[in-house]
Amino acid sequence: MIHHKRTDHGFTLIELLIVVAIISIIAAIAVPGLLRSKMTANETSAAIALRTTAASQVLYSTSCGNGAFAASYLILGTAPPGSNDAFIGADMGSNATPQKAGYNFTLGPGAGSQAGPNDCNGQATITAYYATAVPATFGTTGSRSFAVNSGNVVWELNAATAPTEPLGPPAKPVN
């Protein structure tokens, strides 16, 4: 009977280390791109949320605000009498200072705002509004801040603070 020597060798430690090094290099190249993509998605979401805020304010003003605007996201999140639908979604309208997609949002009186008439829910209104979206962690969740006012144009600024009123340079309108 002839015995054959077994020749299974498997992977050597050096081969395994080379494979781990290659995977690490690929991950190091891919992760920053993924983080940039996530930040861009957050920024887009914030700009869209402010466009939604502006549209909600117009709807509120014409149907419930007696020509004036809501002073907070909570007021926009309240349905008018006889309806179950609020002027803005629960993701924004259920908190005075909502957080969404890595951004912090605020809504309040705009420049030159005065007290307006009570709305259809008996809430006080304002004659001008100003809303902002600022990254929760500048440079990580976003690198642009946004603002919108009664002019209904969303403005952006490459800074950790929102564009201020009057909206204009160095901020620029979002296309």
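The values are calculated or read from the model by the stated rules, or taken from the named source; none is laboratory data. Treat the numbers as computed from the prediction; the structure is a model and nothing was measured. For neighbour counting, all protein chains shown are included, and Cβ atoms are generated from backbone atoms with ideal geometry for every residue, glycine included. These area figures cover heavy atoms from the full protein model, side chains too; ligands, DNA and RNA do not enter into them. Shrake-Rupley method; radii C 1.70, N 1.55, O 1.52, S 1.80 Å.
Data for the structure
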item: Test: residue in the stretch 81-91 that is in contact (Cβ under 8 Å) with a residue 40 or more places away in the chain and open to solvent by 50 Å² or more (accessible area, probe 1.4 Å); result: yes
item: Output for the stretch 129-147, where each listed residue is over 15 Å from Thr44 (Cβ atoms), in a strand (DSSP E or B) and not hydroxyl-bearing (Ser, Thr, Tyr); result: Ala131, Val134, Phe138, Ala147
item: Qualifying residue in the stretch 55-74 (condition: assigned to a strand (DSSP E or B) and either surrounded by 12 or more Cβ atoms within 10 Å (Cβ to Cβ) or among the charged types (D, E, K, R) (or both)); result: yes
item: Some residue of the stretch 41-62 being modelled with pLDDT of 95 or more and aromatic (Phe, Trp, Tyr); result: yes
item: Among the candidates Glu43, Glu15, residue that is open to solvent by 30 Å² or more (accessible area, probe 1.4 Å), among the acidic types (Asp, Glu) and either within 30 Å of Ser143 (Cβ to Cβ) or free of Cβ contacts under 8 Å to residues at least 12 places away in the same chain (or both); result: Glu15
item: Filter pass, Gly122 being of a type outside the set (D, E, K, R), on the phi > 0 side of the Ramachandran plot, surrounded by fewer than 23 Cβ atoms within 10 Å (Cβ to Cβ) and in a loop (DSSP other than H, G, I, E, B); result: yes
